[in-house]
Amino acid sequence: MATTIPARPARFRRARNGPHDDTRLALLFILPATIGFLVFLVWPTLRGIYLSFTKFNLLTPPEFNGLDNYIRMVQDPVFWNAMKVTLYYVILNIGFQTVLALVIAVMMQRLTQRTWLRGIVLTPFLVSNVVAAMVFLWILDYQLGIANNIIAGLGLERIPFLSSEAWVIPTIAFINVWRHVGYTALLIFAGLQMIPETVYEAGRIDGASEVRMFRSITVPLLRPILSLVLIITVVGSFQVFDTVAIATRGGPVDSSRVLQYYIYEVAFSRFQFGYASAMSVALLVVLVIITFVQYRLSRAESSDLA
């Protein structure tokens with residue numbers, strides 16, 4: 001007598017045929033972020049590119065003027081001075097921040113890995129740029145600042161940190177290094193955690209010193225993380241604005257008028273939004289080129305870890 005086998009429930013048939021397709025669910029989860037990305041990044045970027053070819057002051061509709069804004073930008077000495085000042089700041093900020101962050105990360109890795117210490121290192125990053133600028137504006141004041149009072153107490157000449165053409169950009173770089181170095185150090189520290197301890201043990205067996213292992217093991221194996229850190233810090237450094245706006249407002253004599261502050265001044269003080277958009281597009285192009293070159297030269301897509 002033949003036996004009838006009951007049909008399997010639908011859920012068992014789906015499990016046998018393969019995993020359930022969660023594409024629709026995944027799209028639903030990323031939909032809010034996608035909408036935010038399109039509304040707050042893609043659309044403003046496209047709108048800014050369009051406005052860079054127009055004459056626009058908020059009071060009248062945009063008037064197309066072709067390449068006039070870009071021609072004016074090329075002939076604008078203030079723009080080129082702002083670009084030079086920005087590059088000077090970027091070099092100082094990247095150099096000090098990367099080296100100091102690397103040293104801090106290696107010390108946390110080799111000496112202690114206490115969680116509370118990482119919290120202390122990250123604390124300055126939790127302070128907003130505006131607050132940090134205001135605090136250092138008081139600390140570094142020529143007459144009343146704590147720093148200059150200590151310098152004067154040691155019998156030395158007071159230093160005009162934020163009112164001297166020679167000192168203002170290094171001072172702004174120092175303020176931003178103080179605020180961001182902890183975050184950068186933690187990124188590098190995360191990269192150090194991925195390096196196997198057996199690699200260092202092999203180096204010790206071969207008689208390599210700590211300095212030799214740092215140069216021959218740590219730095220090469222950190223290349224992808226260092227590339228990421230450099231890209232992030234370079235892009236962020238070119239966008240410096242808050243510290244300049246609070247502490248110096250571009251002075252003295254345009255010596256701290258970085259490009260972002262000049263764009264802001266042209267847009268919201270002179271209401272020349274078309275020209276400001278052209279300079280913003282130029283900055284975007286510069287950042288894209290620098291990021292691409294950095295990525296290719298550092299071979300960020302590859303790692304020496306097997």
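Numbers at a glance
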| item | result |
| --- | --- |
| Built amide H within the under 5 Å cut-off of Lys55, gap 5+ | Glu63, Phe64, Asn65 |
| Solvent-accessible area per residue for the chain (1.4 angstrom probe, square angstrom) | 62 Å² |
| Folded to 0 to 90 degrees: helix 223-238 orientation relative to the chain principal axis, Cα | 40 degrees |
| Neighbour cut-off at most 15 other Cβ (10 Å), DSSP loop, trypsin sites (Lys or Arg not before Pro), segment 78-121 | Arg114 |
| Cα-centred dipole magnitude for the chain, charges only on beta-carbon of K, R (+1) and D, E (-1), debye, nearest 20 | 1120 debye |
| Student exercise, segment 34-136 dipole from Lys, Arg, Asp, Glu Cβ charges, in Debye to nearest 20 | 440 debye |
| Per DSSP, loop trypsin sites (Lys or Arg not before Pro) in segment 188-293 with at most 15 further Cβ within 10 Å | Arg249, Arg270 |
| Computed over segment 133-256: relative contact order in percent, which uses C-alpha pairs under 8 Å that are six or more apart | 31 percent |
| Cα shape, segment 197-306, gyration tensor, a/c 1.5 rule | prolate |
| The chain: relative contact order as a whole-number percent, Cα under 8 Å and 6+ apart | 27 percent |
| Structure-based [θ]222 nm, the chain - -39500 (n - 2.57) summed over DSSP H runs of at least 4, per residue, nearest 500 | -20500 deg cm²/dmol |
| Degrees separating the helix 259-268 axis from the principal Cα axis of the chain, which is the longest one | 80 degrees |
| Segment 235-291 versus segment 83-143: alpha-carbon centroid distance in Å | 22 Å |
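The values are calculated or read from the model by the stated rules, or taken from the named source; none is laboratory data. Keep in mind the model is a prediction, meaning the values are calculated, not measured. Positions of Cβ are generated from backbone atoms using ideal geometry, with glycine treated the same way; all protein chains shown enter the neighbour counts. For the accessible areas, the whole protein counts, side chains as well, though only heavy atoms, and no ligand, DNA or RNA atoms are used. Shrake-Rupley method; radii C 1.70, N 1.55, O 1.52, S 1.80 Å.
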